[in-house]
1. Provide the gained length on full extension for the span residue 38 to residue 55, in nm with one decimal, where the gain is 0.36 nm per separating residue minus the Cα-Cα distance.
2. Given labels modelled 7 Å from the Cα in the Cβ direction, how far is it in nm from residue 14 to residue 94?
């Protein structure tokens, strides 16, 4: 199975500002790397096979020493160009732990005041004593719902 590497253009990286200022010439945004003169632009890495990487290793080492490029594996690990060994796998970021949905976490006193609703049996168990009917049901007849067709 062939091994592939991504070559990234980091010439305009914020961490490379000091080394970029010390260069005798302005390197520009685009770079052409290797014998194939592959065009390397920011945010568009060039994919190289292991044979192509070994062929262009001296050019890549010189550019990496000037902080113009980075060589990474396809899973994002930085490759040390002196030994061609990839670095450690970065730990995965911690996932957020949201609070469980609970009434205790709600803001008290916010929202609409809702009047108590009639239950299925026409009683209000949290307001009226058991068996007592509200005034609305004492004075008016409740219409039965229509049967479904």
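Throughout, read-outs are computed from the coordinates displayed, never taken from laboratory work. Bear in mind that the values here come from a model prediction, so they are computed numbers and not experimental data. All Cβ positions, even for glycine, are placed from backbone atoms using ideal geometry, and neighbour counts span all protein chains on display.
1. Details: separation 17, 0.36 × 17 = 6.12 nm, distance 1.32 nm.
Stretched fully, the residue 38-residue 55 segment lengthens by 4.8 nm.
2. 2.2 nm
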